[in-house]
Amino acid sequence: MTVDALTDVAGLRVGHATRTGGGWLTGTTVVLAPEGGAVAAVDVRGGGPGTKETDALDPRNLVQRVEAVVLTGGSAYGLDSASGVMAWLEEQRRGVRVGPDPAHVVPVVPAACVFDLGRGGDFRARPDAATGRAAVEAAAASEPGAPVPEGCVGAGTGAVVGQVKGGVGTASTVLGSGITVAALVVANAAGSTVDPETGVLYGELFQGRVVYPADGVHEAARRRLAETAAKNAPPPLNTTLAVVATDAELTKAQAQKLAGTAHDGIARAVRPVHLLSDGDTVFTLATGAHPLPSDSPLALNEVLAAGADVVTRAIVRAVRAAESADGPGGTWPSYGELYGSR
């Protein structure tokens, strides 16, 4: 049975560490690979990324597999959360073996951050190594194939998309070949997910028939967003992060291609996208449990197309699952508050 989440890729687990109240509105999310790691790649297209260990994922370089990926709030400060994940992995003797002793490992933990500084009221309230450890421990303690909490949790706690509250979303699909492709997204973009003329989520235009909000509802929502935009500080730095995972057997080069095409999924759901003030970053994890069909030379194309599709759906789910936030750092209504449930 699938749960329409990243954890539908067997062996992957997700853990969140969430900090709210007392000036906090931030957190960290960890995607934990099966022991032994997964083939990993990355594609960065935003003009203002905050990342760690992404060069290690270049197909030309030594490292082939990673044990975890960290998505975090706190801008560049929050990248310190990866240190807590590294420490935990070292204790488990998981990482690149660099010596004769099994304990001699160096965990390679790629990480990327979103900008949420000050959104809880305290500019210095941001994730650290302890937050990263809490998130990876939550991932390790979760059941295989467990549903993934969405909305204002983990790295999505302080996320904002335009003037609407953002968050974490996830989605998955199973192809005709039996290969699973899934995504987990932190939606925190400078652009908007909402069509200003109709109130429809851009990402839902790619999911079949759309129910348009009533004119009165949309006009009320537009007025509310104009009011909050006038009160809030302008969002100078934002980022959409994603982990796209599959159980297909991919090389690092193929995994990097998947990370690249998955950005199309962001572009369908957020407009404008990949700006200088964004740090849009997509990671790929491939567990290799399911070989690509040998009788179809274009089998990878199905995986590439599915990666973009699940990213779009995950962004929609992130925005729909988010809850309004109102505090000393700003006021951001949720899409559900403005337009109601689906």
Angle check, please: helix 299-321 long axis (alpha carbons) against the longest principal axis of the chain (alpha carbons), in degrees 0 to 90, nearest 10. 40 degrees
Apply the Karplus parameterisation 6.51 cos²θ - 1.76 cosθ + 1.60, with θ equal to phi minus 60°, to every residue of the stretch 183-188 and state each ³J(HN,Hα) to the nearest whole Hz, in sequence, with x for glycine and proline. 9, 10, 10, 10, 8, 8
Using only the alpha-carbon atoms of the chain as identical scatterers, what base-10 log of I(q)/I(0) does the Debye formula give at q = 0.07, 0.10 Å⁻¹? -0.26, -0.53
Net dipole in debye of the stretch 154-286 [+1 Lys, Arg Cβ; -1 Asp, Glu Cβ; about Cα centre; nearest 20]: 180 debye
Toy charge model, Lys and Arg Cβ at +1, Asp and Glu Cβ at -1: the stretch 245-340 dipole around Cα centroid in debye, rounded to 20, equals 120 debye
Let's test the formula: R0 of 41 Å, r as the Cβ-Cβ distance of D326 and M1. What FRET efficiency results, to the nearest 0.05? 0.60
Could you size up the charge dipole of the stretch 4-337 around its Cα centre, putting +1 on the beta carbon of Lys and Arg and -1 on that of Asp and Glu, and report it in debye to the nearest 20? 440 debye
As a test, work out the antiparallel percent of DSSP beta bridges whose residues both lie in the chain, rounded to the nearest 5. 80 percent
One finds the C-alpha centres of the stretch 54-92 and the stretch 149-197 to be spaced, in Å, by 21 Å
Over the stretch 1-106, give the accessible area per residue in Å² for a 1.4 Å probe, as an integer. 43 Å²
Averaging sequence separations of C-alpha pairs under 8 Å and six or more residues apart, then dividing by the length of the chain, give the relative contact order as a whole percent. 24 percent
Grab the other residues whose beta carbon is less than 11 angstrom from that of G169, score K and R as +1, D and E as -1, and report the net. +1
Can you tell me which of 44-55, 279-290 comes out highest on packing, and rank the rest after it, using the mean Cβ neighbours within 10 Å? 279-290, 44-55
Using θ = phi - 60° and Karplus 6.51 cos²θ - 1.76 cosθ + 1.60, couplings along the stretch 205-217 (whole Hz; Gly, Pro as x): 5, 9, 10, x, 5, 10, 9, 7, x, 5, 4, x, 5
Excluding ligands, DNA and RNA, the carbon-plus-sulfur percentage of the accessible area of the chain with a 1.4 Å probe reads 52 percent
So what's the back-of-envelope 222 nm ellipticity for the chain, counting only DSSP H runs of four-plus at -39500 (n - 2.57) apiece and dividing by all residues, rounded to 500? -8500 deg cm²/dmol
Can you list the residues, at least 5 places off or on another chain, whose amide H is less than 5 Å from the amide H of A325, using H built in the peptide plane? W332, S334
Relative pair counts by distance (%), Cα atoms of the stretch 47-185, 5 Å bins: 2, 9, 15, 19, 20, 16, 11, 6, 2, 1, 0
So what's the convex hull volume per residue for the Cα atoms of the stretch 106-199, in Å³? 161 Å³
Take the alpha carbon gyration tensor of the stretch 1-104, find the square roots of its eigenvalues, order them as a ≥ b ≥ c, and report rounded if a/c is under 1.5; if not, report prolate when a/b exceeds b/c, else oblate. rounded
On a straight-distance basis, which lysines could pair with K165 in a cross-link, Cα separation under 17 angstrom, same-chain partners fewer than 8 positions away excluded? K231
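The values are calculated or read from the model by the stated rules, or taken from the named source; none is laboratory data. What you see is a predicted model; the values in this text were computed from it and never measured. Heads up, the Cβs are rebuilt from the backbone with ideal geometry, glycines too, and the neighbour counts pull from every protein chain shown. Heavy atoms of the whole protein, side chains included, go into the accessibility calculation; ligands, DNA and RNA do not. Shrake-Rupley method; radii C 1.70, N 1.55, O 1.52, S 1.80 Å.
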